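All remarks here apply to the structure that follows.
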Amino acid sequence: MKEFVEALERVAGGGTALDPEVVTQLLGASRRRDELAMLTPRETEVLAALAEGLSNAGIAAQLVVTERAVEKHIANIFAKLGLAASETENRRVMAALRYLQG
């Protein structure tokens, strides 16, 4: 309650009040955009297709490249997004979520 009153007084005096969770979310979104900006245009296309649920074969057919090329792009995407192999998380899903949130 004390924090609310202090924030209210700041706003009434012409200042601002930001919820720490809002700040955290804004910084997280900025970081995701920065990570996605590191991807090449082709990697971004591959990631978009991955987010649509396409398999490597489906991505290769859509982009008219080999499956091996798709595998290389996906490996680069995982590296640039900092998605290490994990027994508890699916990197394809995590990459797709970052793309959709970014």
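If you take the residues of region 61-92 that are of a type in the set (A, V, I, L, M, F, W, C) and within 15 Å of Leu36 (Cα to Cα), which of them is surrounded by the most Cβ atoms within 10 Å (Cβ to Cβ)?
Step one: filter region 61-92 for residues of a type in the set (A, V, I, L, M, F, W, C), giving 61, 63-65, 69-70, 74-75, 77-79, 81, 83-85.
Remaining after also requiring within 15 Å of Leu36 (Cα to Cα): 74-75, 77-79, 81, 83.
Working: Ile74: 19, Ala75: 11, Ile77: 25, Phe78: 16, Ala79: 11, Leu81: 21, Leu83: 18.
The residue in question is Ile77.
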### Summary
Among helices (runs of 4 or more DSSP H) completely within region 1-60, the ones holding 2 or more residues that are more than 17 Å from the chain's Cα centre (by Cα), loosely packed, with under 12 Cβ neighbours inside 10 Å and modelled with pLDDT of 65 or more are 2-12
### Query
Give me the pairs: first residue in region 35-59 and over 11 Å from Ile74 (Cβ atoms), second residue assigned to a loop (DSSP other than H, G, I, E, B), beta-carbon distance under 7 Å, and six or more apart or on different chains, which are they?
Glu35/Leu81; Leu36/Gly102
### Message
For region 61-99, give me the residue count where each residue is part of a helix (DSSP H, G or I) and either under 13 Å from the mean Cα position of the chain (by Cα) or not β-branched (Val, Ile, Thr) (or both).
### Response
24
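The values are calculated or read from the model by the stated rules, or taken from the named source; none is laboratory data. Please read all numbers here as calculations on a predicted model, not as lab measurements. Counting neighbours? That spans all protein chains shown, and the Cβs are built from the backbone with ideal geometry, glycine included.
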